[in-house]
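Beneath this line is the structure, given in structure tokens, with notes to follow.
The values are calculated or read from the model by the stated rules, or taken from the named source; none is laboratory data. Everything quoted here is computed from the prediction, not taken from an experiment. Neighbour counts run over all protein chains shown; Cβ positions are idealised from the backbone, glycine included.
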Amino acid sequence: MAGVAGAAVVTRRMVLVLLMAACFALGVWLGVRERPVETETIARLDPPRPAGFGERLARAAEELTHTAVTYDAAYVKLPYPGGDVPADRGVCADLVIRAYRKLDIDLQVKVHEDMLAHRSAYPDTARPDASIDHRRVWNLAAWFKRHGTTLPCSYRPEDYHPGDIVVWRLPSGQGHIGIVASQRSADGRRPLVVQNVGYGQNLDDALLLWPHVGHYRYGG
């Protein structure tokens, strides 16, 4: 009996040793698995990189949403260059013009000069007029197509980045233009857009609301 009891004690000791060895090995393995997580946490604490042009354009557009604007497509004789309708008035194209001007790019001048030099590229306008040429969606679309990067009109939100220019065709057939924002929808699935679709300069979850007819990127 004494031999049996001794054997039982040895067996229990061996089991205990094996369990301790297994726990130690598991601890080492878990420690290795956790190291990348710690590295990622440290990486997120690094100073953010300076915003690229698209990000700055998106933020410039977002700032415009703080100004109350009444949708008004009336013709206004504008100074040239640098002309703008009253700050509390405007259409979707005016929002794009204003956002670019915050980054020292005057699309009034660029569209008008390009139209004078390449008249056939702008079939939407009968006669060049620096007061209105840049305020027409199809003229802006033609200019971005000629001087920016033309991107696919996909319906995948991940294809759209802050500062991208989007042109839609509304149910009425009218063209509409806006800027992809740096902020995202409440569910995080889509970038918001800055637009004026009839009720002022707003930040909306509208990227996929209407058919896309243009997708451009222009950084000066």
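Quick one: in segment 160-173, which of the residues that are closer than 16 Å to A206 by Cβ and under 20 Å from the mean Cα position of the chain (by Cα) is surrounded by the fewest Cβ atoms within 10 Å (Cβ to Cβ)?
Residues of segment 160-173 closer than 16 Å to A206 by Cβ: 160, 162, 164-172.
Imposing the further condition that a residue be under 20 Å from the mean Cα position of the chain (by Cα) reduces the set to 160, 162, 164-169.
Numbers: Y160: 22, P162: 22, D164: 24, I165: 23, V166: 23, V167: 23, W168: 25, R169: 15.
Checked segment 160-173; the qualifying residue surrounded by the fewest Cβ atoms within 10 Å (Cβ to Cβ) is R169.
Okay, residues lined up against (1) farther than 29 Å from D205 by Cβ; (2) over 26 Å from the mean Cα position of the chain (by Cα); (3) touching a residue at least 40 places away in the same chain (Cβ under 8 Å):
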residue	(1), (2), (3)
V109	yes, no, no
F144	no, no, yes
R156	no, no, no
G175	no, no, no
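How many of the residues in segment 153-196 are out of contact with any Asp or Glu (no Cβ under 8 Å at 6 or more places or on another chain) and either assigned to a loop (DSSP other than H, G, I, E, B) or modelled with pLDDT under 95 (or both)? Total satisfying the criteria: 15.
Considering only segment 115-137, state which residues are assigned to a helix (DSSP H, G or I) and surrounded by fewer than 18 Cβ atoms within 10 Å (Cβ to Cβ). Step through it out loud before you land on a result.
Restricting attention to segment 115-137, the residues satisfying the condition of being assigned to a helix (DSSP H, G or I) are 115-117, 119-121, 133-135, 137.
Listed by number, the residues that qualify are L116, A117, R119, S120, A121.
When we screen K102, K77 for residues that are in contact with a Lys or Arg (Cβ under 9 Å, 6 or more places away or on another chain), more than 17 Å from I177 (Cα to Cα) and basic (K, R), the only hit is K102.
Conditions tested, residue by residue: (1) of a type outside the set (G, A, S); (2) out of contact with any Asp or Glu (no Cβ under 6 Å at 6 or more places or on another chain); (3) within 28 Å of Y160 (Cα to Cα).
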site	(1), (2), (3)
L57	yes, yes, yes
Y71	yes, yes, yes
K77	yes, yes, no
G82	no, yes, no
Y100	yes, yes, yes
K110	yes, yes, yes
R127	yes, yes, no
D133	yes, yes, yes
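Working carefully through the options Y80, Y100, find the one that is assigned to a helix (DSSP H, G or I), aromatic (F, W, Y) and at pLDDT 95 or above. Being assigned to a helix (DSSP H, G or I), aromatic (F, W, Y) and at pLDDT 95 or above holds for just one of Y80, Y100, which is Y100.
If the condition is being outside any loop (DSSP other than H, G, I, E, B) and either polar (S, T, N, Q) or outside the structural domain of A186 (by TED's automatic domain parsing) (or both), then segment 197-213 contributes only N202.
W143 satisfies every condition listed in (1) modelled with pLDDT of 95 or more; (2) not in a helix (DSSP H, G or I) except (2). Name every residue in segment 85-118 that is among the acidic types (D, E) and closer than 20 Å to A141 by Cβ, in order of residue number. If the condition is that a residue be among the acidic types (D, E) and closer than 20 Å to A141 by Cβ, then D94, D106, E113, D114 are the ones that fit.
Considered as a group, the residues in segment 84-98 that are under 27 Å from P162 (Cβ atoms) and out of contact with any strand residue (DSSP E or B) (no Cβ under 7 Å at 6 or more places or on another chain) include one that is surrounded by the fewest Cβ atoms within 10 Å (Cβ to Cβ), and that residue is A87.
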